[in-house]
Amino acid sequence: MRKIIVEGGTPLKGIVTASGAKNAVLPVIAASLLTDGECVIDDTPWLADVETLCKTVGEMGVKTDFAGGRLHIDTKGFNNPDVPSEFARKMRASSLLLGPVLARCGRVFLPLPGGCAIGARPLDLHVKGLEAMGAKIVQTDTHIEAFVGRLRGARIYLDFPSVGATENIMMAATLAEGQTVIENAASEPEIVD
């Protein structure tokens with residue numbers, strides 16, 4: 001095991017550049033699907049999950065280009081509401097596509113996401129929120145499929161402040177008709193981002 005030994009008494013000085021946060025950039029990438037054009041995300045950390053999400057949306061018709069910490073996203077070609085299972089099963093963050101793809105396309109097919117093994121993290125609050133906004137949702141052991149003519153604003157109470165559910169509902173609400181209020185919403189920094 002490696003050790004870090006800190007001996008006090010010497011003032012620290014210098015400059016540290018903090019990289020962007022994965023937990024913030026993944027929902028921002030998903031939110032870009034709500035637009036019909038180009039988005040630029042500065043300070044993007046190029047991590048495996050970021051690369052996988054870029055490949056995922058790439059299969060859905062979105063162009064991405066990463067250079068020098070800057071991610072360019074062009075959604076003009078976005079035309080496929082089916083999240084590819086090859087990528088969805090690799091990462092938990094694929095669940096972030098549920099709300100924006102449904103809001104933009106009126107339909108989404110999401111294979112149940114894979115990813116980290118930190119315990120049960122069901123999508124029931126995501127589904128509950130989208131159903132409250134008018135979506136019809138079919139959930140099986142392998143996927144979620146959702147349909148809607150047009151989402152409409154709703155008052156949604158989350159049983160606990162789920163970050164992912166809050167993000168999905170917020171993204172879906174941007175293209176919904178009317179106002180959406182999320183009670184007991186998560187308040188982590190990535191929600192603000």
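One table, with the values for the structure above:
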{"read-out": "Under Karplus coefficients 6.51, -1.76 and 1.60, residue-wise ³J(HN,Hα) of the range 146-156 in Hz, glycine/proline x", "value": "10, 9, 6, x, 8, 5, 10, x, 8, 9, 10"}
{"read-out": "Listed residue (A31, V50, A21) projecting farthest to the positive dipole end of the range 6-51, Cβ model", "value": "A21"}
{"read-out": "Cα shape, the range 79-172, gyration tensor, a/c 1.5 rule", "value": "oblate"}
{"read-out": "Anchor K76: aspartates and glutamates whose Cα lies under 18 Å away (excluding residues fewer than 8 positions away in-chain)", "value": "D36, E38, E59, D65"}
{"read-out": "Highest-first arrangement of 66-75, 3-12, 23-32, where packing means the average Cβ count within 10 Å", "value": "23-32, 66-75, 3-12"}
{"read-out": "Given (1) 13.8; (2) 10.0; (3) 11.1, the label whose value is mean projected area of the Cα convex hull in nm² derived from this model", "value": "(1)"}
{"read-out": "For the range 165-188 versus the range 119-160, the gap between their alpha-carbon centres in whole angstrom", "value": "12 Å"}
{"read-out": "Accessible-area ranking of C39, C54, largest first, probe 1.4 Å", "value": "C39, C54"}
{"read-out": "Solvent exposure, largest accessible area first (probe 1.4 Å, DNA, RNA and ligands not counted), of D124, D82", "value": "D124, D82"}
{"read-out": "Tilt relative to the chain, helix 48-59 - C-alpha long axis, 0 to 90 degrees, to 10", "value": "30 degrees"}
{"read-out": "For P189, net neighbour charge (Lys/Arg +1, Asp/Glu -1) across residues whose Cβ lies under 14 Å away", "value": "-4"}
{"read-out": "The chain - mean residue ellipticity at 222 nm from DSSP helices (-39,500 (n - 2.57) per run, n ≥ 4, rounded to 500)", "value": "-8500 deg cm²/dmol"}
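The values are calculated or read from the model by the stated rules, or taken from the named source; none is laboratory data. What you see is a predicted model; the values in this text were computed from it and never measured. As a convention, Cβ positions derive from the backbone with ideal geometry for all residues, glycine included, and neighbour counts pool all protein chains shown. Please note that ligands, DNA and RNA were not included when accessible areas were found on the heavy atoms of the full protein model with its side chains. Shrake-Rupley method; radii C 1.70, N 1.55, O 1.52, S 1.80 Å.
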